[in-house]
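Shown next, in structure tokens, is the structure this report addresses.
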Amino acid sequence: SFSNTFCLSQTSRIFVPNTFVPNGTNSVFQPVILFPNFDDYDMKVFNRWGEILFETTDPSIGWNGMVDGQIVQQGVYAYFIQMKSTNGNQLERKGTVMLLR
């Protein structure tokens, strides 16, 4: 007999928002990950001088726009996200995000 079963494997995908508003509708900067494999996940947010403002290895935690209990100024911040895909490849996303007040 023959089987009609066909197995597909999906690779992970990362979608990153370009703007967020603390205390607004989109209040946390966090990527949307399809078909997640959270091995070696790391997200960092930097200011214009290259200082790390936020870092996490937990994909369920996003940046709320605060540093040391204070909301940072409105502006553009750089991010770097990396994780291992479901097929074992390293995924990286880097760019900027606009924080609006």
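The values are calculated or read from the model by the stated rules, or taken from the named source; none is laboratory data. As the structure is a computational prediction, the values presented were derived from the model and not from experiment. Heads up: the accessible areas ignore ligands, DNA and RNA and are worked out on the full protein's heavy atoms, side chains in. Shrake-Rupley method; radii C 1.70, N 1.55, O 1.52, S 1.80 Å.
For the stretch 34-71, filtered to residues that are of a type in the set (Ser, Thr, Tyr) and open to solvent by 20 Å² or more (accessible area, probe 1.4 Å), the residue that is nearest to GLY24 (Cα to Cα) is SER60.
The set of residues in the stretch 72-99 that are in a loop (DSSP other than H, G, I, E, B) and open to solvent by 60 Å² or more (accessible area, probe 1.4 Å) comprises GLN73, GLN74, THR86, ASN87, ASN89. Any idea which residue in the stretch 5-28 is nearest to MET43 (Cα to Cα), counting only those that are among the hydroxyl-bearing types (Ser, Thr, Tyr), at pLDDT below 85 and open to solvent by less than 80 Å² (accessible area, probe 1.4 Å)? Residue satisfying both the conditions and the ranking: SER12. Among the residues in the stretch 74-85, are any among the polar types (S, T, N, Q) and under 22 Å from SER12 (Cα atoms)? The answer is yes; a qualifying residue exists.
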